[in-house]
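Trainee: Here it is: the structure, laid out below.
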Amino acid sequence: MRSAGFRLSLVLFAGLGLRLALAAILPPGYDEAYYSFYGRQLDLSYFDHPVAVGLWAWAGQRLGGSLFALRLPSLLSYTVALALLAGATQRWFGPRAALASAVLGSLCPVLLLCGGVLLLPDSPLLLALAALLWWLSRHPRVVPATAGEASGLGLLLGLVTLGKYHSFLVLLSLLGWCLGSPQRRALYRSPWPAFGGLVWLVVAAPLWVWNMGQGWVSFLFQGGRIDAGAGYALASPPLFLLSQLVLLFPTLGVVLLLALLPRSSRDDAVAQRQLLRWLVLPQLVVFVVLAGRMHVLASWLVPAWWLLLPLAGDWLAGLQRPRRWPWMAAGGWGTALILPPLLLTLAFQVRWGIFDRWLPAGLDTSTQLMPPDSLRRDLERNPAVWKALQRATVIAANRYDLAGFLSLALGPGHHTTFTTFNPDARGFAWWQPADGFKGATGVIFGIEEPGKPLVPASWVPWMGTLESLGSVEIYRAGRPALRLAFSRFGPLPYPLPRFYGPRALTTRSP
């Protein structure tokens, strides 16, 4: 047992080392650059997501506010989450399965990046899900039968709810599992399940309180995405699933899918395997089917793959005679040896474009991800733009996901207000002052695109005076990667229009 714990510790620390290296190399992604503002605008909840990712961003701001500091809570919480998940797996399926699940979680690219490197809602969600699995492994009835069990389960379900809206599928699946058995249904005659539900409502109160005050706008926004497509593309679901296998790494993805298949077993863990499949399959079915109707983001299935890790560890541990599976052993060792250097190589490409001279132009879209240090250097090469940015009281991007890049480049010491001039303002609609910036002057910027103006014609009347400051060439690997256009605006003659939010301002300009 002591040697098993030592091996598990080695896996956890080796995984942390890999993620630390990736966090130090990778430039900010679009989403995490935007989420960095959550730490400065701490609220009960947000338009896009529940509050948990805001707490991670707030902690990163307290740790210094640099890109690495913003990622530090994710780096640490993922290690804790893997330890909890391994603890649950060991309780259910034994130490070999626990070690295998930790190895898989430390190697799966989409899991370790979304949950353990980048500032994303998946990081606090995976921690809460791991804690939930740990609790479930110690309470095989699942349905609470005492006040302590009800409080613990309600607390964990509330924390899961505050992680990401997709967690509702997990909650519904868990409820379906509890109601699917006469023995478990009988336990609902006790008052404790209802008490657990009350604890869940209280813990998740930030989500309800914030949305009640905003006309339930978050739920309307998320639900509206389902109607994004006019028809149904039959080819999209299998292509989406194939892309997921690539993001998981094919050998690891195949193991996860094989673990879903039912198999005969004579041990006492049949119910646990059924529970895990109940938690995973609805997510897989819903998002694979939705892929034919709308654009399903790659990270939306991260919770499903995470909950599959114990089953995959159990499946690998069940291969009692590995000599009969030489291809499996070769694939396992090959994956463990290839993946870390491959991920680091890809990170070097995203950060420094080491293969740019051999790649066709436009193939690698990561050229638009701007590292804070290099972006700052490129901005300083244009004195007019740099001076205008230093003096601006308001800096606006023409897309909501661009402002974070410039904020990180200016550093945590600046006190400029950032916003976006775009109908899709996301959280910026809640972070603007009551007067909608009326009378303010500042700088607006965006990625320069041929034939596309920095400010659309419909927004020009809202800008007051609009004066071009020129453009700045952004370099990667010593070669131009993109250009940023800058203009000075203001004073704004009208309150900045917003199309949703508590202070929605939709009055038309004369």
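Nothing in this text is a laboratory measurement; each read-out follows from the coordinates by a stated rule. Note that the coordinates shown come from a computational prediction; the quantities given were computed from them, not determined experimentally. Methodologically, a virtual Cβ is constructed for each residue, glycine included, from the backbone with ideal geometry; neighbour enumeration extends over all protein chains shown.
Trainee: Using 1/(1 + (r/R0)^6) with R0 = 30 angstrom and r between the beta carbons of Arg185 and Leu258, what's the FRET efficiency to the nearest 0.05?
Mentor: For Arg185 and Leu258, the calculated efficiency is 0.40.
Trainee: In addition: Given a Förster distance of 22 angstrom, what is the FRET efficiency for Val80 paired with Ala24, based on the Cβ-Cβ distance and rounded to 0.05?
Mentor: 0.60
Trainee: Let me ask something additional. Find how much the distance from Met294 to Val460 grows on full extension, using 0.36 nm per residue of separation minus their present alpha carbon separation; answer in nm with one decimal.
Mentor: Extra length from Met294 to Val460 when fully extended: 56.6 nm.
Trainee: Using the Cα atoms as the points, what is the convex hull volume per residue of the range 245-303 in Å³?
Mentor: Hull volume normalised by residue count: 88 Å³.
Trainee: For Cα pairs less than 8 Å apart in space and 6+ apart in sequence, what is the mean separation divided by the residue count of the range 376-510, i.e. the relative contact order in percent?
Mentor: Once divided by the residue count of the range 376-510, the mean separation gives 27 percent.
Trainee: If you average the sequence gap of Cα pairs under 8 Å that are 6 or more apart and divide by the length of the chain, what percent do you get for the contact order?
Mentor: Computed value for the chain: 16 percent relative contact order.
Trainee: For the range 387-409 and the range 80-102, what is the separation of their C-alpha centers, rounded to whole Å?
Mentor: Comparing the Cα centres of the range 387-409 and the range 80-102, I get a distance of 44 Å.
Trainee: So how strong a dipole does the range 310-438 carry about its Cα centre when Lys and Arg Cβ are +1 and Asp and Glu Cβ are -1, to the nearest 20 debye?
Mentor: 240 debye
Trainee: Could you work out, for the chain, what percent of all Cα-Cα pairs fall into each 20 Å distance bin, beginning at 0 Å and stopping at the bin that holds the largest distance?
Mentor: Bin by bin from 0 Å, the calculated values are 21, 52, 24, 3.
Trainee: Further question on the same structure: For the range 367-490, what ratio Rg/Rh do Cα atoms give with a Kirkwood hydrodynamic radius?
Mentor: Rg/Rh for the range 367-490 comes to 0.94.
Trainee: Given a Förster distance of 25 Å, report the FRET efficiency between Val285 and Leu171 from their Cβ-Cβ distance, rounded to the nearest 0.05.
Mentor: It comes to 0.95.
Trainee: Suppose every K and R has +1 on its Cβ and every D and E has -1 on its Cβ; what is the size of the dipole of the range 367-490 about the Cα centre, in Debye to the nearest 20?
Mentor: 180 debye
Trainee: Pick out, in residue order, every one of the trypsin sites (Lys or Arg not before Pro) in the range 128-199 that is DSSP loop and has at most 14 other C-beta atoms within 10 Å; say none if there are none.
Mentor: Those satisfying the criteria are Arg141.
Trainee: Okay, next question. Translational diffusion coefficient of the range 72-222 at 20 °C, 1.002 mPa s, Stokes-Einstein with Kirkwood Rh over Cα pairs, in µm²/s as a whole number.
Mentor: Rounded to a whole number, D works out at 130 µm²/s.
Trainee: Still on this structure, I have one more. Dipole size in debye (nearest 20) for the chain around its Cα centre, Lys and Arg Cβ +1, Asp and Glu Cβ -1?
Mentor: 980 debye
Trainee: Only helices at least 27 Å long along their axis, Cα-based, and averaging -0.5 or more on Kyte-Doolittle count here, so list those DSSP H runs from the chain.
Mentor: Membrane-span-like by this rule: 2-25, 67-93, 270-290, 326-352.
Trainee: Helix-only estimate, please: 222 nm mean residue ellipticity of the chain, summing -39500 (n - 2.57) across DSSP H runs of length 4 or more and dividing by its residues, to the nearest 500.
Mentor: -17500 deg cm²/dmol
Trainee: How far apart, in nm, are the 7 Å Cα→Cβ label points at Trp352 and Ser366?
Mentor: 1.3 nm
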